[in-house]
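What follows draws every value from the coordinates through simple rules; no lab data is involved. Given the structure is predicted, the values throughout are model-derived calculations rather than measurements. Reconstructed Cβ throughout: ideal geometry from the backbone, glycine too, with neighbour counts over all protein chains shown.
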Amino acid sequence: MTNIAASSYTLAAIGFLVLGLPVLSGWRGRAQRGALSLACLATAAWAAALAWDASRQVLWSPLGGMLEVVRDGAWSLFLVALLGNWRHAEQVEPDGQPPRLRALRPSLLAAAAAYLVVLAVIGAGWLDPDLMHVLGVPLLGAFMGLAVYGMLLVEQVYRNRTVEERWAIKFACLGIGGMFAYDLYLYSNTMLFREMNPDVWTARGVINALTVPLLAASISRRKSWTTSFAVSRRVVFHSAALFGSAIYLLAMGSVGYYLRYVGGSWGTVMQTGFLFGAVCLLGVILFSGSARAWLKVSISKHFFRYNYDYREEWMRFTRTLSERGPHLGERALQALAALVESPGGALWQRSDGGGFAQRARWQAPAVASTEPADSAFCRFLESTQWVVDLDDYLAHPEKYEGLVVPGWLLDIPRRWLVVPLMLQETLFGFVVLQRARSPLKLNWEIFDLLEIAGSQAASHLAQDDAANALMVARQFESFNRMSTFVVHDLKNLVAQLSLMNANAGKHKDNPEFQRDMLETLDHSVQKMKLMLQKLGRTENAVAKPQPLAVDHVVRQAMALKSAFEPHPQLVVEEAGLVVVADRERLERVLGHLIQNAIEATPRDGTVSVRVGQRAGRDAAEIEIADTGAGMSEEFIRERLFKPFESTKAAGMGIGVFESREYINELGGLLEVTSRPSQGTTFRVVLPLQRSAAATTATIA
């Protein structure tokens with residue numbers, strides 16, 4: 001019994017200390033907060049002193065008695081502070097106090113004098129134990145009087161409040177009144193039987209500890225008592241679960257002890273089996289979704305002004321939508337369902353056919369029905385943006401004027417709420433949630449939260465659809481771009497073959513022409529084979545760059561232009577320069593630039609190609625110069641490198657664009673200088689092999 005009593009009062013001391021410190025942290029400017037924090041801390045000190053007495057097997061000591069008087073006085077002071085804050089309906093006197101408080105002033109002074117007298121008597125008895133023994137019965141009567149006075153103050157506080165104010169004050173009145181009422185019972189019992197009942201005295205600590213949640217509930221309900229210290233719902237939830245588990249285990253332990261006591265030879269077996277089953281039952285309850293949902297709803301309903309901690313809920317909602325894992329539609333269902341403790345749901349979203357079809361589901365049955373976009377149900381959701389409670393709709397259809405719920409929706413098992421997903425005032429889809437695990441009273445706060453959460457989910461779903469559409473569009477763009485380059489190469493090949501065919505009549509007997517014609521035909525066949533291979537390539541079958549001699553690639557590109565006039569002239573200033581590139585692509589780039597120079601130059605003009613090393617750099621330079629029509633600075637700046645822009649009648653406008661893209665990919669530069677009617681010069685600058693290797697190593 002000694003250990004139980006010590007634990008009982010220790011629990012009360014911890015409870016009031018935890019309650020008093022946060023109240024004290026925000027007491028500035030509030031007399032009520034000062035009195036409340038004083039009362040809580042005084043009660044914590046009194047309970048700690050009695051716990052110390054219990055550990056020494058002492059039921060009553062002068063120190064505990066003095067601290068009890070201080071505790072009673074502090075709670076009385078707090079109740080008087082509440083009376084002083086009474087301001088409704090009645091006239092306030094010039095001294096700033098209401099008439100009723102003025103009428104109570106004599107009794108307040110008498111009570112204060114009584115508290116001081118009792119303190120003085122206990123202090124004198126501490127010095128003289130015989131005096132304490134003589135005044136034992138009068139002291140019991142004094143403590144009973146203090147308890148009765150405290151109960152009267154509680155009655156005055158509660159009776160002189162409006163109905164709205166009682167909603168906030170009733171838990172505090174119940175808790176404080178309960179403490180005084182139990183004290184009255186304890187001392188009445190002691191006076192009646194001439195001795196203090198150890199069991200009643202032991203339970204006193206637990207009784208006081210149970211008033212802490214009641215006081216905390218009142219503090220959370222009354223604005224004038226709010227503190228700078230806030231307890232989150234998560235802390236309250238886990239604390240309540242831990243506290244409930246402790247009470248459950250204590251109760252089960254007591255039952256187990258009883259079974260062992262009355263079970264005889266089977267007592268130990270019965271106790272062990274019962275305790276094991278009790279622990280298993282506790283585990284089932286703690287991991288039960290319904291039990292957790294009930295506890296969350298109860299805490300939000302009784303201890304907080306609002307049902308949700310919006311910061312925590314919104315962070316969890318956004319985190320669920322943004323995390324990796326299942327399909328986004330399923331994650332959206334999980335996020336919405338968690339707001340109302342729903343065990344599952346399904347998402348309907350607009351399909352390609354124009355109606356709304358089931359797009360995703362989470363712990364819900366599959367439904368093949370499709371709802372037309374122009375149905376009365378969809379029009380109602382889009383125009384009102386209401387969250388529809390299907391149970392309320394069936395009970396009171398007059399509240400939902402114009403709503404026609406389709407039959408397939410009413411046939412879904414456990415259907416409960418329909419949440420519209422609005423996107424820019426348009427119905428993007430809707431979610432059907434299953435009935436909550438525990439009874440949940442729906443109000444404006446829940447409906448507003450579901451509406452804004454539905455809009456947030458619709459934005460994420462629309463963004464996901466747009467990303468998927470963009471990915472498909474990019475795939476088509478990549479295919480179209482590759483097709484465009486192939487068509488461009490085919491155009492060049494057709495131009496070469498057409499020119500060769502036009503000159504065949506004049507030079508068919510010329511052996512040199514015949515040799516060039518065969519080389520051109522062979523090259524054209526090879527190019528077309530490469531294009532066919534490219535069209536049939538998979539994404540991983542990309543040609544790898546290799547070391548190439550620049551002058552050899554340039555000679556090959558010029559050989560293909562031998563049938564054109566004017567014939568390009570090659571000057572190799574430095575042979576053996578090696579770059580790393582794909583031969584076919586580099587040859588196509590250089591061939592295109594040479595072809596453009598030939599086409600832009602009249603027959604009596606000149607086209608020259610120079611190969612050398614870039615001055616001051618470890619790079620090769622291929623210069624292609626002509627004396628053709630030239631280009632303006634505006635054309636070079638705004639149109640030359642823009643795809644699908646061309647000055648040629650049959651041009652496609654992608655050759656120069658592709659050339660610059662590939663040269664930049666190799667780490668090089670494409671420079672151009674030109675003047676109208678004076679010609680154009682292109683310079684291709686490519687890093688040499690050792691420089692390219694060093695660049696690659698640095699990047700790696």
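So here's what we get for this one:
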read-out: Estimated inter-spin distance, ALA473 and ARG166, nm [label 7 Å along Cα→Cβ]; value: 6.5
read-out: Shape metrics for the range 545-699, restricted to C-alpha atoms - Rg then Dmax, Å; value: 15.2, 49
read-out: Potential lengthening between LYS544 and LEU174 on full extension [0.36 nm per residue; Cα-Cα distance subtracted]; value: 124.8 nm
read-out: Environment charge at ARG515 (Cβ cut-off 14 Å; Lys +1, Arg +1, Asp -1, Glu -1); value: -4
read-out: Computed lengthening from HIS523 to GLU323, 0.36 nm per intervening residue step minus Cα-Cα distance; value: 66.6 nm
read-out: Amide N proximity, the range 441-456 versus ALA338 label position 7 Å along Cα-to-Cβ, cut-off under 17 Å; value: 449-456
read-out: Simple label model, 7 Å out from Cα along Cβ direction - SER375 to ASP465, nm; value: 1.7
read-out: Spacing of the two label points (7 Å from each Cα toward its C-beta) at ALA112 and VAL148, in nm; value: 2.3
read-out: By average C-beta atoms within 10 angstrom, highest first, the peptides 360-369, 402-411; value: 360-369, 402-411
read-out: Using a Förster distance of 45 Å, the FRET efficiency for TRP60-ARG159 (Cβ separation, nearest 0.05); value: 0.85
read-out: 13 Å beta-carbon shell around MET66, net charge (K/R +1, D/E -1); value: -2
